[in-house]
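We did not get these values from a lab; they are worked out from the coordinates using the rules stated. This is a predicted model, so every value here is computed, not measured. Here the Cβ positions follow ideal geometry from the backbone for every residue, glycine too, while neighbour counts run over all protein chains shown.
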Amino acid sequence: MDAIEGAVLQMPKRLNLILTVIVACFFASCAQQPKSKLVSVASARHMQKVRTTAYTHSERGGRRNAVGARLSSRRVMSAASDWSRFPLGTRFRIVDTREEYIIDDYGTALIGTSTIDLYKPTRLEMKRWGVRNVDIDILGWGSDEQSLKVLGPRTKHRYVRRMIAGLQKKKPASAQVSNPAKISAQASIRTID
């Protein structure tokens with residue numbers, strides 16, 4: 001009987017030791033994660049119910065995006081937006097499908113809206129997508145400056161002037177461009193396949 005009582009008395013000590021080891025292992029595994037993963041998760045911005053539509057190359061814009069590169073349907077796909085809302089180069093992931101996109105195009109119907117137009121390689125895929133409200137994670141914000149560089153030489157179009165005005169409202173008065181037509185069109189975006 002004394003052996004059983006001794007075993008029962010030792011059980012809480014063993015249980016405490018096991019719990020201590022488990023907690024220590026947990027904290028050690030947290031401390032060993034690379035900082036880059038922690039930063040990337042923290043810097044991602046989650047947006048809910050973003051209105052999305054779809055377009056394809058057989059529509060008016062053709063196979064080229066606003067910076068002159070081919071529309072991408074590979075690992076990181078092309079998307080269009082009002083650049084004063086989602087600037088050129090903005091990368092995002094659709095939460096449900098895990099598809100990644102980069103804003104490298106704009107469309108006249110998107111100006112003044114928060115709608116993102118997703119490039120689809122076929123008309124069938126475009127029609128299947130239709131209009132959807134989706135949750136997205138912003139992986140990296142694009143550049144207002146690059147957006148202005150691309151838009152500057154295109155100010156003859158009213159919708160471009162509206163995007164420029166929206167971009168300039170985001171900047172402090174001292175940094176605004178007095179004549180957007182003088183901005184160089186030498187913008188480049190790294191195409192990611």
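All conditions but one from (1) touching a residue at least 24 places away in the same chain (Cβ under 8 Å); (2) more than 17 Å from Thr115 (Cα to Cα); (3) acidic (Asp, Glu) apply to Glu59; the one that does not is (1). When the range 75-96 is limited to residues that are out of contact with any strand residue (DSSP E or B) (no Cβ under 8 Å at 6 or more places or on another chain) and more than 14 Å from Gly140 (Cα to Cα), the one that is surrounded by the most Cβ atoms within 10 Å (Cβ to Cβ) turns out to be Asp82.
Across the range 97-114, the number of residues qualifying as surrounded by 19 or more Cβ atoms within 10 Å (Cβ to Cβ) and either farther than 18 Å from Arg64 by Cβ or among the charged types (D, E, K, R) (or both) comes to 3. Please work out which residue is nearest to Ala165 (Cα to Cα), limiting yourself to the range 62-106 and to residues that are touching a residue at least 40 places away in the same chain (Cβ under 8 Å) and hydroxyl-bearing (Ser, Thr, Tyr). Applying the filter and picking the extreme gives Ser84.
Remark: pairs (first residue in the range 107-128, of a type in the set (Asp, Glu); second residue not in a loop (DSSP other than H, G, I, E, B); Cβ separation under 7 Å; 6+ apart in sequence or on different chains) = Asp117/Thr53; Asp117/Ala54; Asp117/Tyr55; Asp117/Ala79; Asp117/Ala80; Asp117/Leu110. For the range 63-84, filtered to residues that are assigned to a strand (DSSP E or B) and over 16 Å from the mean Cα position of the chain (by Cα), the residue that is farthest from Gly107 (Cα to Cα) is Arg70. Restricting Leu139, Leu148 to those that are out of contact with any strand residue (DSSP E or B) (no Cβ under 6 Å at 6 or more places or on another chain) and hydrophobic (A, V, I, L, M, F, W, C) reduces the list to Leu148.
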